[in-house]
Amino acid sequence: MDVSHAERAWVPRIEGEQGPIYLAIADAIGAAVARVELRPGERLPTHRALAKALGVDLTTVTRAYAEARRRGLLDARVGRGTFIRSMAPSPSLQATSDEFVDLGMNLPPLPEEPRLQDLLQQGLSRLLGGQEPRRVLSYRTGAGTADERAAGALWLRPVLGEVDPGRLLVCPGAQPALFAALSALAEPGDTVLADELTYPGLRAVAEQLGLRLAGVAADDEGMLPEAVEAAYGENRPKALYCIPTIQNPTTVTMPRERRQALAATAQRLGLHIVEDDAYGLLPSRPLPAIASFAPEITYYISTLSKVLSPALRMAYLVAPGGAGVERLGAMLRASVLMASPLLTGLFAEWMRDGTAGTVLSAIRKESAARQRLARELLPRASFSAHPEGLHLWLRLPPRWNRLDFTSHLRRQGGLGVVPSDAFSLVAPAPDSVRVSLGAAANRDDLRRAMTSLAIGLDRGGSPHFAAVV
Ligand SMILES: Cc1ncc(COP(=O)(O)O)c(C=O)c1O
């Protein structure tokens, strides 16, 4: 990459991005600022150097930098170059009316009360000031201490019922748990069944492991058991992946009967299930997990990222039992070694003193308030959602196509949403987008964002084509 050494050789990765390149570059700058990969005051490559490094026109970089400046990410010091804004705001925490609001990332909202920052600070200070701080300041072997596994079994009781803590493995997030489960179940070339619209992280794992994903049809109660049976006959899959509660992206929650029917179908076929229950604890009345009906064939995954905070990113992987635990433990040791003892220790502490439940309740309350706000401001028929969920699945009116709508919102509304293509195993992807409510810094920002969204929906059209003469 030939970027002059006078500038730092930061070059955005934009391969595979959908939509106009200049927006992808501006997005990449925003993401790099959010990840603190680019720091306040840091100089970006010159227009010319970046154009050369990316193999794009100079005007594309000029537009990208102008867009990033409009989003409040850059300072222009005339004649001296382009710099990350000195007091660059953290986009998701401090967005204001004229800044970009990224509703593309699915995460729990920060409750106003209690403040998560305060609880984290207090919890860590207790943990580190306690009797045995060394416990959380070192490496450890095995996927979690007995304490942490017991805390996990207790946390999951509302969805799993009684579960032997010995079947639990503590992982640094759901993604590595998914990687481990599918590595244990399938080999390159094998097929895994999943919803036709599904979590993009599954697609990433499948690609790395050389697995084929086959889409299974669903209705408004989730994946159809008869479609699983038909797809089994056609594909001889090694596993079935599903998200039974607040499906990502469609928001569908399978009722109890559908869970039982799916469990029974998989049992009859001898098909393993990978149940990704990322959102399972969000409803105040959680439904029993599929794993509770078919524990002997289900690899169950539950992360804290979506029900508490990505700051506490850790997950439990519950193995079907027996040799499965050993095998998964070996996979996790080889890939991620262990979850951070500081976080797993903090969560065990939060289970002991009740903070975990308090935060979960506050998140449910804030999510419910945000969902009400969306219902108030958006046309009713335009979206599906769970009343305590983190996101909406928005169906666009016929005059809008999803990619045009997404880029229109970016340009006109300063708003980020995710088009269905990110989730779709089938082509063409439907004209729908995912809108995540938790990512807005506060309800005022969300209100503004929902208003922009409603205006955008109302307007309609294909702005790209409209500009062609
Ligand atoms: C269904 C589902 N599973 C897993 C994850 C990732 O969780 P983690 O952050 O624990 O890897 C997500 C994140 O969006 C998700 O939607």
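Which residues, counting only those in the stretch 296-309, are in contact (Cβ under 8 Å) with a residue 60 or more places away in the chain, touching a strand residue (DSSP E or B) at 6+ places or on another chain (Cβ under 9 Å) and farther than 14 Å from Pro244 by Cβ?
Filtering the stretch 296-309 down to residues in contact (Cβ under 8 Å) with a residue 60 or more places away in the chain leaves 299-303, 305-309.
The next check asks that each one be touching a strand residue (DSSP E or B) at 6+ places or on another chain (Cβ under 9 Å); those that pass are 299-303, 305.
Once the filter is applied, which keeps residues that are in contact (Cβ under 8 Å) with a residue 60 or more places away in the chain, touching a strand residue (DSSP E or B) at 6+ places or on another chain (Cβ under 9 Å) and farther than 14 Å from Pro244 by Cβ, the stretch 296-309 yields Thr303, Ser305.
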Handout entry: Residue within the stretch 128-141 that is touching a helix residue (DSSP H, G or I) at 6+ places or on another chain (Cβ under 6 Å), within 16 Å of the ligand (Cβ to nearest atom) and open to solvent by less than 30 Å² (accessible area, probe 1.4 Å) present
Key = no
Exercise for the section: Of the numbered conditions (1) away from the ligand (no atom under 13 Å from the Cβ); (2) in contact with a Leu (Cβ under 6 Å, 6 or more places away or on another chain), Phe293 fails exactly one; give the number of that condition. Expected result: (2)
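Looking at the stretch 151-164, which of its residues are without any contact (Cβ under 8 Å) to a residue 24 or more places away in the chain and either within 21 Å of the chain's Cα centre (by Cα) or open to solvent by less than 50 Å² (accessible area, probe 1.4 Å) (or both)? Before the answer, list the steps.
First pass over the stretch 151-164, keeping only residues without any contact (Cβ under 8 Å) to a residue 24 or more places away in the chain: 153, 157, 162.
Within the stretch 151-164, Ala153 is the sole residue that qualifies.
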Practice task
Return the residue satisfying two criteria in turn: it lies in the stretch 180-202 and is under 26 Å from Ser420 (Cβ atoms) and hydrophobic (A, V, I, L, M, F, W, C), and of such residues it is nearest to the ligand (Cβ to nearest atom).
Solution key: Leu202
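Answer yes if at least one residue in the stretch 359-378 is of a type in the set (Val, Ile, Thr) and outside the structural domain of Asp147 (by TED's automatic domain parsing), and no otherwise.
Kept after step one, since they are of a type in the set (Val, Ile, Thr), are these residues of the stretch 359-378: 359, 363.
With the extra rule that they be outside the structural domain of Asp147 (by TED's automatic domain parsing), the set shrinks to 359, 363.
Within the stretch 359-378, one or more residues are of a type in the set (Val, Ile, Thr) and outside the structural domain of Asp147 (by TED's automatic domain parsing).
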Exercise for the section: Would you confirm whether any residue within the stretch 233-244 is within 16 Å of the ligand (Cβ to nearest atom) and part of a loop (DSSP other than H, G, I, E, B)? Expected result: yes
Exercise for the section: Could you list, in sequence order, all residues of the stretch 330-340 that are over 23 Å from the mean Cα position of the chain (by Cα) and within 26 Å of Pro133 (Cβ to Cβ)? Expected result: Arg333
Exercise for the section: Give me the pairs, please: first residue somewhere in the stretch 315-332 and assigned by TED's automatic domain parsing to the domain that holds Val159 and open to solvent by 10 Å² or more (accessible area, probe 1.4 Å), second residue anywhere and within 16 Å of the ligand (Cβ to nearest atom) and among the aromatic types (Phe, Trp, Tyr), beta-carbon distance under 7 Å, and either six or more positions apart or on two chains. Expected result: Pro320/Tyr299
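Could you tell me whether the stretch 378-398 includes any residue that is of a type in the set (Lys, Arg) and touching a residue at least 24 places away in the same chain (Cβ under 8 Å)?
So in the stretch 378-398, the residues of a type in the set (Lys, Arg) come out as 380, 395.
Keeping just the survivors that are touching a residue at least 24 places away in the same chain (Cβ under 8 Å) gives 395.
The answer is yes, given that some residue of the stretch 378-398 is of a type in the set (Lys, Arg) and touching a residue at least 24 places away in the same chain (Cβ under 8 Å).
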Exercise for the section: Check Arg399 against each of (1) within 28 Å of Glu67 (Cα to Cα); (2) buried (at least 23 other Cβ atoms within 10 Å of the Cβ) and name the one condition it does not meet. Expected result: (2)
Practice task
Tell me which residues, restricted to the stretch 310-325, are assigned to a loop (DSSP other than H, G, I, E, B) and more than 10 Å from the ligand (Cβ to nearest atom).
Solution key: Ala319, Pro320, Gly321, Gly322
Fill in the blank from the handout: Of (1) within 16 Å of the ligand (Cβ to nearest atom); (2) farther than 28 Å from Met331 by Cα; (3) surrounded by fewer than 21 Cβ atoms within 10 Å (Cβ to Cβ), Ser305 satisfies every one except (2)
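Table: residues versus (1) assigned to a helix (DSSP H, G or I); (2) of a type in the set (D, E, K, R); (3) open to solvent by less than 20 Å² (accessible area, probe 1.4 Å).
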{"site": "Gln175", "(1), (2), (3)": "yes, no, no"}
{"site": "Ala180", "(1), (2), (3)": "yes, no, yes"}
{"site": "Ser183", "(1), (2), (3)": "yes, no, no"}
{"site": "Glu187", "(1), (2), (3)": "no, yes, no"}
{"site": "Ala194", "(1), (2), (3)": "no, no, yes"}
{"site": "Val205", "(1), (2), (3)": "yes, no, yes"}
{"site": "Gln208", "(1), (2), (3)": "yes, no, no"}
{"site": "Ala214", "(1), (2), (3)": "no, no, yes"}
Problem - Criterion (open to solvent by 30 Å² or more (accessible area, probe 1.4 Å), out of contact with any strand residue (DSSP E or B) (no Cβ under 6 Å at 6 or more places or on another chain) and within 21 Å of Val426 (Cβ to Cβ)) met by exactly one of Glu257, Glu221 - result: Glu221
Exercise for the section: Filter the stretch 264-287 down to the residues that are buried (at least 24 other Cβ atoms within 10 Å of the Cβ) and without any contact (Cβ under 8 Å) to a residue 40 or more places away in the chain, then identify the one that is nearest to the ligand (Cβ to nearest atom). Expected result: Glu275
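Of everything in the stretch 99-127 that's among the charged types (D, E, K, R) and under 17 Å from Phe347 (Cβ atoms), which residue is farthest from the ligand (Cβ to nearest atom)? Steps first, please.
Residues of the stretch 99-127 that are among the charged types (D, E, K, R), as a first pass: 99, 102, 112-113, 115, 118, 126.
Now narrow it down to the ones that are under 17 Å from Phe347 (Cβ atoms): 118, 126.
On the way: Asp118: 23, Arg126: 25 Å.
Only one residue fits best here, namely Arg126.
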Practice task
With the condition kept exactly as written, say whether any residue in the stretch 339-358 is within 16 Å of the ligand (Cβ to nearest atom), of a type in the set (A, V, I, L, M, F, W, C) and more than 14 Å from Leu119 (Cβ to Cβ).
Solution key: yes
Fill in the blank from the handout: In the stretch 158-173, anything in a loop (DSSP other than H, G, I, E, B) and away from the ligand (no atom under 14 Å from the Cβ) is listed as Gly161, Glu162, Val163, Asp164
Handout entry: Candidates Gly81, Gly173 - the one that is touching a Ser or Thr at 6+ places or on another chain (Cβ under 7 Å), at pLDDT below 90 and of a type in the set (Gly, Ala, Ser)
Key = Gly81
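The values are calculated or read from the model by the stated rules, or taken from the named source; none is laboratory data. Keep in mind the model is a prediction, meaning the values are calculated, not measured. We place every Cβ from the backbone using ideal geometry, glycine too, and count neighbours over all the protein chains shown. Note: accessible area is taken over every heavy atom of the protein model, side chains too, but ligands, DNA and RNA are not part of it. Shrake-Rupley method; radii C 1.70, N 1.55, O 1.52, S 1.80 Å.
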